[in-house]
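The values are calculated or read from the model by the stated rules, or taken from the named source; none is laboratory data. Quick caveat: nothing in here was measured; it's all calculated off a predicted structure. Counting neighbours? That spans all protein chains shown, and the Cβs are built from the backbone with ideal geometry, glycine included. Ligands, DNA and RNA are excluded from the accessible area calculation, which covers all protein heavy atoms including side chains. Shrake-Rupley method; radii C 1.70, N 1.55, O 1.52, S 1.80 Å.
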Amino acid sequence: MTSSMIGRLNGLLKTQSIGRLIHYQDELDSTNTVLLELGEKGASEGTIVIADKQTEGKGRLERKWVSPSGTNLYISVLFRPEISAADSPLFTFLASIALNETIEKTGVTNTEIKWPNDIQMDGKKVAGVLTEMRTKREMVDFIVVGIGVNINMSRDYINAEMGKVSRIATSIKENLGKDIDRAKFTADLLLELEKWYQIFCNKGKKPILEEWTRAWGDMNKRVRINMEGEQGFEGSALGIDDRGYLLVKTDNGEITKIIAGDVSVI
Ligand code: BT5
């Protein structure tokens, strides 16, 4: 997103509160880091931070999100839900649903949600979600949902900019064969986010978990789970529980809950 696109985004935005306050900079370390600081200073629900390039884009578990300029979306959104901190992973699912629907609206037909926080096309990653929060005792003070989407990167640009990540990454452009309007994509994404947030506020987590499961690509597939610093294992992916943990049935019939880890289909 460039500064002129932010003007267009303002014009296209149909939300009530999300994105009504936009902090934009051409270059930032990480939109999540900046919004966490704004949240600590009392920024209101719906505040967003957007950059055209990130120098320290973050993934989960201290990983990096490769964030070159000129083609993609790097956005963070602030929520102040009155929920227990234990329910915060729901925001990763809520954002994944909104993201998946927005990507489908561009005309891409083969997107899939991957547990816990990816959107993939043909087994390659097009977008990721990083949910971070600050708590007050056991309750959420605020949540920052960070979303990175590879939008108009060509295969040549992916190969040039992404190093070894280029093998596992793709973009909407690579799938559609054409550029799409980043301001329109962002306006659509924010509207979807607001819609799913309202569903969550009015009806609780059940519809979020159901919709996520519907769009999830790995139901009943044989998967390998790799966990940081631990031995991995294989099994059959069954679904998620009401906390968002992945349920995997191992070969001896036991059902194991996965809290954090990487899942690959085998
Ligand atoms: C994620 O982490 O997928 C969360 C990504 C969230 C990025 C957004 S951008 C706006 C906001 N501000 C931030 O600082 N972050 C958020 P994880 O599941 O841990 O995946 C990280 C892994 O994905 C890396 O280790 C690479 O293998 C791969 N990767 C890195 N950059 C990528 C990219 N641009 N496209 C596809 N894959 C990428």
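Structure notes:
- Sorting the segments 92-102, 237-247 by their residues' average number of neighbouring beta-carbon atoms within 10 angstrom, most packed first, yields 92-102, 237-247.
- Averaged over its residues, segment 1-102 has an accessible area of 41 Å² per residue, based on protein heavy atoms and a 1.4 Å probe.
- Net charge dipole size for segment 156-212 [Lys, Arg +1 and Asp, Glu -1 on Cβ; Debye, nearest 20]: 220 debye
- Normalised by residue count, segment 201-254 yields a Cα convex hull volume of 98 Å³ per residue.
- Rule-of-thumb Rg ratio for segment 57-104 [Cα; 2.2 N^0.38 Å; N residues]: 1.38
- Taking the protein heavy atoms of the chain in the context of the full set of protein chains, the accessible area attributed to carbon and sulfur is 48 percent at 1.4 Å.
- Anisotropy class of segment 26-69 from Cα gyration tensor, a/c 1.5 cut: oblate
- Using all pairs of distinct alpha-carbon atoms, the Kirkwood hydrodynamic radius of the chain works out to 18.8 angstrom.
- Alpha-carbon centroids, segment 115-157 and segment 51-70: separation in whole Å: 11 Å
- Highest-first packing order for the peptide set 138-147, 169-178, 198-207 is 138-147, 169-178, 198-207, based on the mean count of other beta carbon atoms within 10 Å.
- Listed peptides 72-78, 225-231, 119-125 appear in the order 72-78, 119-125, 225-231 once ranked by packing, highest mean of other Cβ atoms within 10 Å at the front.
- Total charge dipole magnitude, segment 123-226, about the Cα centre, Cβ charges on Lys, Arg, Asp, Glu only, Debye to nearest 20: 440 debye
- Just so you know, the Rg over Rh for segment 99-244 is 0.98, from Cα atoms, with Rh as the Kirkwood radius.
- For Ser84 and Arg167, a Förster radius of 51 Å and the Cβ-Cβ distance give a FRET efficiency of 0.85, rounded to the nearest 0.05.
- The chain, dipole about Cα centre (Lys/Arg Cβ +1, Asp/Glu Cβ -1), debye to the nearest 20: 340 debye
- Each Cα pair under 8 Å and six or more residues apart adds its sequence gap; the mean of these over the residue count of segment 3-214 is a relative contact order of 23 percent.
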